[in-house]
Amino acid sequence: SALLRANRVGDGLVDGERKPFYVTVKRKPGIQQARMQLPVCAEEQTIMEAINNNAVVIICGETGSGKTTQVPQFLYEAGYSHPDSDNPGLIGITQPRRVAAVSMSKRVAMELGLTEHEVSYQIRYDATVSPKTRVKFMTDGVLLRELAQDFLLTKYSAIVIDEAHERSLNTDILIGVVSRVLRLRAELSKEDQEKVKVNDDDNGDTFWLIGWEVPLRVIIMSATLRVSDFTLNKTLFDKPPPVLKVDARQYPVSVHFNKRTPDIDHVTEAFKKIRKIHTRLPAGGILVFLTGQNEISVLCKKLRKKFPPLSPKASARQRAVEKEKEALEEKKEVVTAKNAEVEAEDLELGEGEIDKNVDLEDFDFDEDTEDEEGFTDEEEEQEPDAPLHVLPLYSLLPTAAQLRVFDDPPPGTRLCVVATNVAETSLTIPGVKYVVDCGKVKERRYDSTTGVQSFEIGWTSKASADQRAGRAGRTGPGHCYRLFSSAVFDNEFEQFSTPEINRMPIEGVVLSMKSMNIDTVTNFPFPTPPEREHMAKAERHFRFDLCPPSTSPLCHITQLLAYLGAIDSDTKRVTELGRTMAMFPLSPRFSKMLLIGQQHDCLPYVIAIVSALSVGDPFIKDYHLDDARPGDSDDGGSDNEDVARREVKEIRREEVAEKERRKLARRMYYKVQTKHAGLDPTSDILKLLNVVGAYEFAGATEKFCEDNFLRPKAMDEIHKLRGQLTNLITTNLPGVDVLVDPRMCPPTPIQLRALRQILAAGFIDSVALRADLASAGAAGKGRKFKSTRGVPYRVMWSDEDAYIHPGSVLYHDSPPEMVVYQEVFKASRVWLKGE
Ligand code: ADP
Ligand code: MG
């Protein structure tokens, strides 16, 4: 900072006057050429002028126009994040999805020719940030967490909030908070600027920064023009921010509806359609939109079986053919250089021919009457030996696999990406000519009266269906096949997706914000504020009178926070303990478990358990198993009988699978046995601990995951999170030492007991009592049972019977009087999972 001041004096500039600062970037010629094709690059000058002259700028541009990859580079070249410039703070870019944060940071690093430490990413359990970082991609959740620690965003000179059109809860809150940060920083700049104290989280340093007269720059980016919620909302920004519109080339896309919305599941329907496109239509990539990972895996498997990828031999042959072609082309080039016009005509003719071959408009996909089997057999005979390059794309996919969608498909094959709606606006996949859209989206819902959550699949909105269709028109005219009828589209699709904040119970919103240290929620500047009345009512609920069951679940949650000691019941504010808990990037119950985990040297085990629970189930599940998970069913609209029938099937499958998993867990336990007695997995959570321990003992290898049906990415995340938490604890809690060695001996019986107590303390609100005991009124008087199957339990906040899920290790044991559970799911029954 002294340097900064000195520079200015040396420059002889009047205080406040700024010298233009540019950073020269030498990009590879290929990269530079590709950039110049992007519509955003034509607007660089306009965009940078607007950013330099306004605190907030909104940029709207069609998906693929280059917003995410280019705008951060404009900022970088204009000197933002350069230590010697007037804007030395980081350039931060937020994304609603982890996939996008990771892959976009890699892309931008590559384009700028910088390392992954200079252009880095930070997502919840993984980061490449370092002191060298200049440009940081992150999820919006990560930035919200940072805001809880550093409300002025002192580390940043520019914040880019991307994908604002999605209107996720986090994005909305972020825009609201940032509008206040802007005001605060502007006010501060009037006072003594040198008194701004900065905490550098990464190094644990505190230093002084000057230059607050340079306010924070905020750039909001949207793939649609629907931004009036941001511009017209007077509580948000003092004056409406300018909206820059980037015109993108978009080729026409013909949309083909199904004649009827099929009864069969959309995965089968998608498969049929892809088969037809692939066997009958000209070259061009296919992009398929499904709702989740399981559907994607099933479709990919099916497609790969039907259209096997090139064998090594065949691909070698293919490469030889390609080489020959290239050689020919080179020769041709010499000729065509002479006569470019003829060439152009040829090209046009070529495309015309393609259209004549297959009449796309009449391309009838409606096959309700067709016999699947018969059709398949017939086709097999005539089908050309055309390989399909099938790639899945969803957020839990390992990063390297995610990035494969950007590579050219092997020569002679057709690209087919099967994706969730991450491909709707976040990632632009090159070369897509056909889009197949199931029209649905999976959303987490929360029942505010019962506190039960479920996943539901419903129709997406017209706007997002059109976005999906638009993906087919990036490189040329395209086609979109919708797996539903135009009547359904007209009558059942909403015009726009509702902002998440209006889909959530208001209590949930209030709680999320309280946990972000935002205390006064009623006056918060939301882009679309929920009703004030409701807001105020929800806030009043933050009292800690004892809540009788069946009142608002918020009582239950706030009471949990009070039980955990995170909130003071009188002042309604976060306590010291609560703040220590907020230090961990975890849900409050896990933080609490960590803080009380020091007894009996249990901390390493608690860290392992908490890491595993935070990352989520590491077991690879059989598709069918997972697919039939209650509340995660495929068709939202099916009747109850159907659900019941499916559940019977699912229970059988779960039973078989659970037996397998138990065997597995036992086997692992023998593998890791050392001098200690070891543990028998009599709890789902302790089973996880067992798995983590065994994994580390085996050297934390992918092979171990493969052999034991574990997701390597999940295991790796758990491993990393354990490291992070261990670090956090040793650096922040004085006097607490945790073994840094990730390998741990199985816990002793005493430790096991302590662990059960710690778990119970963390899940204090998630205790279920056997129903017979609940009514008998006293323990010990209950009936005798052989297994937990069909034995009803009572949870604290509902009068409905709940049952231990067949996927639990407890399912075959005699039912305990009380259990703690991780999740409640409602399907035809209320299920308790993860005991
Ligand atoms: P927007 O944010 O406006 O939707 P992007 O900046 O994401 O646009 O994308 C601009 C272009 O960069 C697209 O054509 C996209 O295909 C390409 N692109 C983005 N990431 C990669 C990557 N990792 N590899 C190759 N091309 C990429
Ligand atoms: Mg983008």
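Rundown of residues vs (1) at pLDDT 80 or above; (2) surrounded by fewer than 18 Cβ atoms within 10 Å (Cβ to Cβ), yes/no style:
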{"position": "Leu586", "(1), (2)": "no, no"}
{"position": "Leu595", "(1), (2)": "yes, no"}
{"position": "Pro604", "(1), (2)": "yes, no"}
{"position": "Val610", "(1), (2)": "yes, no"}
{"position": "Asp622", "(1), (2)": "no, yes"}
*In segment 433-449, which residue that is surrounded by fewer than 23 Cβ atoms within 10 Å (Cβ to Cβ) and β-branched (Val, Ile, Thr) is farthest from ligand 2 (Cβ to nearest atom)?*
Thr449
*Determine whether Gly92 is within 21 Å of Glu146 (Cα to Cα) and more than 13 Å from ligand 1 (Cβ to nearest atom).*
yes
_Per-region count, segment 56-89, residues over 22 Å from Ser179 (Cα atoms) and either part of a strand (DSSP E or B) or more than 9 Å from ligand 1 (Cβ to nearest atom) (or both)_ = 11
*asked:* I'm trying to understand the selection: among the residues of segment 697-715, which are more than 27 Å from the chain's Cα centre (by Cα) and buried (at least 17 other Cβ atoms within 10 Å of the Cβ)?
replied: Phe697, Ala698
*When only residues in segment 112-128 that are within 15 Å of ligand 1 (Cβ to nearest atom) and not aliphatic (A, V, I, L, M) count, which is nearest to Tyr156 (Cα to Cα)?*
Tyr121
*Residue by residue through segment 151-163, note down the ones that are on the phi < 0 side of the Ramachandran plot and under 24 Å from the mean Cα position of the chain (by Cα).*
Tyr156, Ala158, Ile159, Val160, Ile161, Asp162
*asked:* Which numbered condition in (1) within 28 Å of the chain's Cα centre (by Cα); (2) hydroxyl-bearing (Ser, Thr, Tyr); (3) more than 14 Å from ligand 2 (Cβ to nearest atom) is the only one that Thr46 fails?
replied: (1)
*Just one of Ile91, Ile123 is of a type outside the set (Phe, Trp, Tyr), away from ligand 2 (no atom under 12 Å from the Cβ) and modelled with pLDDT under 95; which is it?*
Ile123
*Which pairs have Cβ atoms under 7 Å, sit 6 or more apart or on different chains, and link a residue in segment 417-429 that is under 17 Å from Trp459 (Cα atoms) and aromatic (Phe, Trp, Tyr) to one that is more than 8 Å from ligand 2 (Cβ to nearest atom) and modelled with pLDDT under 95?*
none
*Go through segment 231-289 and give me each residue that's closer than 20 Å to Lys306 by Cβ and among the aromatic types (Phe, Trp, Tyr).*
Phe271, Phe289
*Pairs under 7 Å by beta carbon, first residue in contact (Cβ under 8 Å) with a residue 60 or more places away in the chain and β-branched (Val, Ile, Thr) in segment 219-237, partner away from ligand 1 (no atom under 16 Å from the Cβ) and in a loop (DSSP other than H, G, I, E, B), six or more apart or different chains?*
Thr231/Pro240; Thr231/Pro241; Thr235/Pro525
*asked:* Looking at the structure I just gave you, is Val14 more than 22 Å from Arg471 (Cα to Cα), modelled with pLDDT of 90 or more and assigned to a loop (DSSP other than H, G, I, E, B)?
replied: no
*Which residues, counting only those in segment 387-428, are within 16 Å of ligand 2 (Cβ to nearest atom) and surrounded by fewer than 18 Cβ atoms within 10 Å (Cβ to Cβ)?*
Ser395, Leu403, Phe406
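Let's see how each residue does on (1) among the acidic types (Asp, Glu); (2) within 16 Å of ligand 1 (Cβ to nearest atom); (3) at pLDDT below 85; (4) in a helix (DSSP H, G or I):
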residue	(1), (2), (3), (4)
Lys106	no, yes, no, yes
Met110	no, yes, no, yes
Ser130	no, no, no, no
Leu144	no, no, no, yes
Leu147	no, no, yes, yes
Val160	no, yes, no, no
His165	no, yes, no, yes
Val178	no, no, no, yes
*Hits in segment 155-178 - residues which are among the hydroxyl-bearing types (Ser, Thr, Tyr) and surrounded by 21 or more Cβ atoms within 10 Å (Cβ to Cβ)*: Tyr156, Ser157, Thr171
*For Ala469, indicate whether it is at pLDDT 90 or above, crowded, with 23+ Cβ neighbours inside 10 Å, touching a strand residue (DSSP E or B) at 6+ places or on another chain (Cβ under 7 Å) and part of a helix (DSSP H, G or I).*
no
*Please work out which one of (1) surrounded by fewer than 18 Cβ atoms within 10 Å (Cβ to Cβ); (2) in a loop (DSSP other than H, G, I, E, B); (3) of a type outside the set (Lys, Arg); (4) within 16 Å of ligand 2 (Cβ to nearest atom) is the condition Thr24 fails and give its number.*
(4)
*When you scan segment 768-835 for strands (runs of 3 or more DSSP E) that lie fully inside it, which ones turn up with 2 or more residues that are at pLDDT below 75?*
823-826, 830-833
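The values are calculated or read from the model by the stated rules, or taken from the named source; none is laboratory data. Bear in mind the structure is a predicted one, so any value in this text is a computation, not a measurement. Cβ coordinates were reconstructed from backbone atoms using ideal geometry, including for glycine residues, and neighbour counts include every protein chain displayed.
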